[in-house]
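The values are calculated or read from the model by the stated rules, or taken from the named source; none is laboratory data. What you are looking at is a predicted structure, and each value in this text was computed from that prediction instead of being measured. For neighbour counting, all protein chains shown are included, and Cβ atoms are generated from backbone atoms with ideal geometry for every residue, glycine included.
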Amino acid sequence: MKNILYIAPSTSVKGGISTVIKGYLNSELAKNYNIFLVSSHVDGPKFIKLIQAILGLVETFFYLIFKKIDIVHIHEGNIISFKRKFYYIKVVRLFECKIIFHHHGGALIDQYGAASKKWKNRIKKTFEEVELVICLSENWRNNILNIAPAANIEVIPNSVRLPEVYNKKNNNCVNLTFLGLIGENKGVFDLLTVIKRLVDNGFIIKLNIGGNGEIKRLHKRINDLDITNYVVYLGWISEKEKDLLLRKTDIYVLPSYSECMPMSILEAMSYSIPVVSTFVGGIPELVSDGETGFLISPGDLDALYKKLEFLIQNRTLREEFGEKGRLAIESDHNLDLTVQRINRIYNSL
């Protein structure tokens, strides 16, 4: 049985990569291989993150020396994550292990453009020298090839386990949900502005927000817009809480400015929820505009308003979009199918 070492954020970290890792660890992969997890990153203050990065390097040495690792599967999300992983790769190369570099982040291209020449060269060299790069969409394959033309890339979209089918109860109030990092990049402040406009025009709605980030700014914006009766901030929610929330959600909204392939959209579609999002990253490969939801240009508040207004007024269309979205997840983004592809890669290496 092959020994596989995962180098990734701790499963306690709040974010999509941790969700992916937990999915792999609770799948057939854990039965087919001996998988060891090194946590390269944890949530917390900078000095805690630095200590964890150092401990992770020490732990990596331990596994490489004593567990005879065959494949190292590295999970990376942005340029800060990349810089951490660069030193892990240096260590791994001392032991001549096969390396899979799994790119999850949505902002790397912009960050790459602002990086120093030294780090641009390191990013290019890493993508081209590892045995395999996994990315989440064709859009990101092209992005990486623009940086590193010689990279060996395979596209494996994110995936989820399908929840049980259920029937939504009739409700006069239309429930909208946003899950993600609270900040400019995810478009949540744009969404609040549009919610204010919808409320002022008489629509009976409620927006549920889950996530961490700029919480004080979020509350201030909600108060300034005078929409406290229509927006509920839930904090970072558990899996059970998320299940209950998605079961009562009518529309999922993620008006992001950059993404790779958001797990939150996959999860929403698996619950038969129509999605309103943006033409960025791998989202257009996931959400079919006009079939499973609507896509807009980032920052286009008028378009966001019109698409939400249309779905709020059309329950039948919401249900139709939701059913098509569920089928799309079942056929193309089912975790069991992804596990089969990862299994094939591990065997081929």
Exercise. Of the residues that sit in the range 126-142 and are closer than 26 Å to residue 283 by Cα and in a loop (DSSP other than H, G, I, E, B), which one is farthest from the chain's Cα centre (by Cα)?
Worked result: 137
Seminar exercise, completed: Restricting the range 259-280 to residues that are assigned to a loop (DSSP other than H, G, I, E, B) and among the β-branched types (Val, Ile, Thr), the one nearest to the chain's Cα centre (by Cα) turns out to be 280
Exercise. Do we have any residue at all in the range 282-303 that's on the phi > 0 side of the Ramachandran plot and charged (D, E, K, R)?
Worked result: no
Exercise. Are there any pairs with C-beta distances below 8 angstrom linking a residue in the range 308-320 that is under 14 Å from residue 177 (Cα atoms) to a residue that is surrounded by fewer than 17 Cβ atoms within 10 Å (Cβ to Cβ) and modelled with pLDDT of 95 or more, with the two at least 6 apart or on different chains, and if so which?
Worked result: 311/317; 312/203
Exercise. Just wondering, is there one or more residues in the range 39-54 that are in contact with a strand residue (DSSP E or B) (Cβ under 7 Å, 6 or more places away or on another chain), among the charged types (D, E, K, R) and modelled with pLDDT of 95 or more?
Worked result: no
Exercise. Any residue in the range 1-8 that is without any contact (Cβ under 8 Å) to a residue 40 or more places away in the chain, over 22 Å from the mean Cα position of the chain (by Cα) and closer than 26 Å to residue 338 by Cα?
Worked result: yes
Exercise. Which of the residues spanning the range 213-237 are under 24 Å from residue 173 (Cβ atoms) and of a type in the set (Gly, Ala, Ser)?
Worked result: 235
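Results for (1) closer than 17 Å to residue 192 by Cα; (2) assigned by TED's automatic domain parsing to the domain that holds residue 206; (3) at pLDDT 95 or above, shown as yes or no for each residue.
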| site | (1), (2), (3) |
| --- | --- |
| 304 | yes, yes, yes |
| 308 | yes, yes, yes |
| 322 | no, yes, yes |
| 341 | no, no, yes |
Problem set entry | Members of the range 40-58 that are in a helix (DSSP H, G or I) and in contact with a Phe, Trp or Tyr (Cβ under 7 Å, 6 or more places away or on another chain) | 57
Exercise. Does residue 164 satisfy being under 20 Å from residue 348 (Cβ atoms), outside the structural domain of residue 301 (by TED's automatic domain parsing) and of a type in the set (Asp, Glu)?
Worked result: no
For this session: Residues being over 26 Å from residue 268 (Cβ atoms) and out of contact with any Phe, Trp or Tyr (no Cβ under 6 Å at 6 or more places or on another chain): count how many of those fall in the range 124-141.
Result: 8
Exercise. Residues in the range 81-103: is at least one over 24 Å from residue 13 (Cβ atoms), touching a Ser or Thr at 6+ places or on another chain (Cβ under 7 Å) and modelled with pLDDT under 95?
Worked result: no
For this session: Return yes when residue 325 is in contact (Cβ under 8 Å) with a residue 12 or more places away in the chain and not in a helix (DSSP H, G or I) and no when it is not.
Result: no
Exercise. Taking the range 59-91 on its own, how many of its residues are in contact (Cβ under 8 Å) with a residue 40 or more places away in the chain and assigned to a helix (DSSP H, G or I)?
Worked result: 11
Exercise. Given (1) in contact (Cβ under 8 Å) with a residue 60 or more places away in the chain; (2) farther than 20 Å from residue 185 by Cα, where does residue 290 come up short, assuming only one miss?
Worked result: (1)
Exercise. Applying the selection to the range 186-221, what residues are surrounded by 16 or more Cβ atoms within 10 Å (Cβ to Cβ), more than 21 Å from residue 306 (Cα to Cα) and either of a type outside the set (D, E, K, R) or in contact with an Asp or Glu (Cβ under 7 Å, 6 or more places away or on another chain) (or both)?
Worked result: 210, 211, 213, 218
Problem set entry | Residues located in the range 96-125, provided they are in a loop (DSSP other than H, G, I, E, B) and either aliphatic (A, V, I, L, M) or surrounded by 14 or more Cβ atoms within 10 Å (Cβ to Cβ) (or both) | 97, 104, 105, 106, 107, 115
Seminar exercise, completed: Going through the range 328-349 in order, the residues found to be in a helix (DSSP H, G or I) and either surrounded by 16 or more Cβ atoms within 10 Å (Cβ to Cβ) or among the acidic types (Asp, Glu) (or both) are 328, 329, 330, 332, 335, 336, 338, 339, 342, 345, 346
